[in-house]
Amino acid sequence: MTPAISPGGRKTLPSPLAQGDGILIVDADQVVVQANIQVQALLCATREEILGADAPDVVQRYLLPLLPEGESPGEVVALLCDGSYPQPVTLDVRVPGTGIRRISVTANTVDAVTPALRLLVFHDTGKGGAGRAEERPPPATERLIVVPGRERRTPEQEVPGSGDVTTAARRSVADTAVLEQIAEDEDRFRSIFATSHAVMLIVDPQTGAIVDANPAASAYYGHPLETLTTMQIADLNVLDREDLFRDMQKAVTGEKRQFSFLHRLADGRYRDVDVFSGRVIICGRVLLHSIIHDVTGRRRAEEQFRALLDATPDAAMLINHSGIILALNEVMATRFKKTVEELLGACAYDILTPELAMRRRELTIQALATGKPLRHVDEREGRILENVLFPVPGDQEDSRRVAVISHDITRERELEQARQEAFDRIRQNIEQFAILGDHIRQPLQVILGTACLLEDEQATGKIQREIERINGYIRQLDQGWIDSRKIREYLQRHE
C-alpha cells in the first residue's frame, strides 16, 4: 500500500482564482464550449477534459471531490441548467495546496446576441469557514474508479491491492502541474504577443476600448503604447460605430472571423487592413484578440489589375487550375449575363453547358500541360469568339492559373465573308468580260464579210470603219480584264 503523504509537508499555493474569476461557458445543449485557465486550475482538469463534455457531468465529476464531506454540487447544477436556484450559490471548496476557500458561483447569459450561451462564473470571496486544508486530517484511503479519459477516487475503506494514495496528495500534484502549465501558457502567450511582428490588439467588444496592444501595433499605428491602450477601436477604424460594434459581436459569437476595414494612422494616413478576430477570456472578461494585416499594397495592385482588365475591349478573366474565377472584367461578366461580384469565386465550368464545359476543361488542362498559349474558336448564340488561353506558371501545381482572353470576331468574319464574295464577283465579271468580247467579235466578222459583198464601196468602207472602232472597244475590254485579273491576284497574295 502506498503511504499517505502528509498535507502538512506541501507547499501552500495561491488560489487558482487569485488572478481572475473562473469562467465556464456552456451552450443550449449543456455542452461546455469554453473554460478559462482559472476554472481549469480550480477543478484540476485539463482543457481537453472539459471542452465538449456534458456540463452537469463536469460539475459533478470535478467539483464534488473538492467539497466537504456530505455536501453536493446540486445547487450549482441547478443554477447551470436553468437558473432555478437563487443566485449566487456559495460553496466552501477544498482547494488543493491552498485550503478551504469560499467560492461564489453565479450564472448568466453571455450577451444579448447569444442568449443560448450560459456563463458560469466562479469567484473566490476569501477563506472558507472550515479552516485550511493543511489543518484537516488526511482523508481516508480511496478506491480507484475508472472514468473514460480520467481516473478518479472516492473516499472509502482501503481495497487491498488497489495501489491507494490520498486525495490530497494526488490533487496536490495535479494542482501544481496545472498551475505550472497555466503559468507557462501565460508566459508563452505574453512572449508571443510582445515579440510578434504581427500587429495585435486586445479589444473589449462591449465598450470598444483597446485593453492591450503589442509593440508592433504601436509602431504600425504610430501611437505610443501608453496612448494606444487609452483609445477606442473607433479611433482607428473609420467604420460607422454601429456597424463596428455589430461586427465585433459577430467576432464574439464566431459568426465571422475575418473582416476588411480602413484604419487611420497617427499621421492621418489611411490603410486598408484585413482583421482576424476571435474571442478570448482574460481574467473573466470576454475580449477580442485581433490580428491586423496591412493589405494596402495588395488592394492597390488589385485596383490596377482591375483597371487593366476593364481597359481592354475584349472579355478577360483569370481562373485557377480548377476553373474557379479569380478575376474578370465587366465585358466578360456581361457576356455571362451576370455581375462581376456574382461570378467571382464561381466555377467557370458551372456556367457553361455540360458539353462546352467538358471541352473547356480539356483545353485548360492542355494549356497548363504544354505551357504555351492555346487558341480556339467558339460559335454560339450567333456570335463567333476567338479565345486565347495563356497559362500562368506557379511554384506548385495547385497555384497555376490560366488567363483567358475572348475576342468577338463576329464582325470581322462578316467583313471577311463580304470581301470574299466581292472577289468572287470580280472574278466572275472578268471571266464574263472575256466571254463577252469573243461573243461580240464573231458577229462583227460576219458583218464585215457581208459588207465586202456589197457593190456600194462607200457603204462598205463606212461599215469597215465602224467595225474597227468596235474592235478597239473590245481590245480595251480585253486589256481591262487582264489588268483586273492582275489586281485580283495581287490582292489575294497580300491579303
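Values for this structure:
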{"quantity": "Neighbour-count ranking [beta-carbon atoms within 10 angstrom, fewest first] of Asp408, Asp29", "calculated": "Asp29, Asp408"}
{"quantity": "Candidates per GluC sites (Glu not before Pro) in the range 342-441, loop by DSSP, up to 12 other Cβ within 10 Å", "calculated": "Glu381"}
{"quantity": "FRET efficiency estimate (nearest 0.05) - Cβ-Cβ, Leu453 to Thr312, R0 60 angstrom", "calculated": "0.15"}
{"quantity": "For Lys127, residues with placed amide H under 5 Å, excluding near neighbours", "calculated": "Arg102"}
{"quantity": "For the range 197-294, average projected area of the Cα convex hull in nm²", "calculated": "5.6 nm²"}
{"quantity": "Ascending count of other beta-carbon atoms within 10 Å, so fewest first, for Ile319, Ile474", "calculated": "Ile474, Ile319"}
{"quantity": "Packing-based exposure ordering (other Cβ within 10 Å, fewest first) of Met358, Met200, Met332, Met231", "calculated": "Met358, Met231, Met200, Met332"}
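We did not get these values from a lab; they are worked out from the coordinates using the rules stated. As the structure is a computational prediction, the values presented were derived from the model and not from experiment. FYI the Cβ positions are ideal-geometry reconstructions off the backbone, even for glycines, and counts take in every protein chain you see.
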